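Engineer: The structure follows.
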Amino acid sequence: MLDGPAPVLEVSDLRTVFATRDGAVHAVNGVSFSIAPGELLGVVGESGSGKSVTMMSLMGLLPSPPAEVVGGSILYQGREVRQMSDRQLRDLRGGWRDRVGELRWVQLGLSESGEGACSRSVD
């Protein structure tokens, strides 16, 4: 058993498939990672490697059909995202959107008031 805080986000064996006229396209196949409080994750890869589809799968933003998350687990603060209602997902995405706004200010090296450099931990 590992010591330390529980992950904020834990993704295990995520799999997303698109239905096409020519059959199933496996766009995300077995993605797993976890993010502890205060950690950041950078996702890099070639064009078409599944970065955007992976992140949209996490947030429940893919159109269904043709896309479907067919397997895996997405735990956000211990709650299974794939089992959330539409309302719960909207509320969760609102929280993620707030975090993106915070990160934009950090990236610019400004406080939210626009003064000086800031350093902010993401929990």
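Nothing in this text is a laboratory measurement; each read-out follows from the coordinates by a stated rule. All of these numbers come straight from a predicted model, not from anything done at the bench. No Cβ is skipped: glycine too gets one built from the backbone with ideal geometry, and neighbour counts run over all protein chains shown.
Engineer: Could you pull out every residue, at least 5 positions away or on a different chain, whose amide H is within less than 5 Å of the one on Val28? Hs are placed 1.01 Å off N in the peptide plane, and Pro or chain starts have none.
Structural biologist: Thr16
Engineer: For Ser64 and Asp3, what does the FRET efficiency come to when R0 = 30 Å and r is the distance between their Cβ atoms, rounded to the nearest 0.05?
Structural biologist: 0.15
Engineer: Another question about this same structure. Under a point spin-label approximation (7 Å from Cα along Cα-to-Cβ), what is the His26-Asp13 distance to one decimal in nm?
Structural biologist: 1.3 nm
Engineer: Return an integer: the convex hull volume of the alpha-carbon atoms of region 9-83, in Å³ per residue.
Structural biologist: Working: hull volume 6.5 nm³, N = 75.
Cα convex hull per residue, to the nearest whole number: 87 Å³.
Engineer: Tabulate in residue order the Karplus-calculated ³J(HN,Hα) for region 81-93, using 6.51 cos²θ - 1.76 cosθ + 1.60 with θ = phi - 60°, rounded to whole Hz; enter x for Gly and Pro.
Structural biologist: Values per residue, Gly and Pro as x: 5, 5, 9, 6, 6, 4, 5, 4, 5, 4, 4, 5, 4 Hz.
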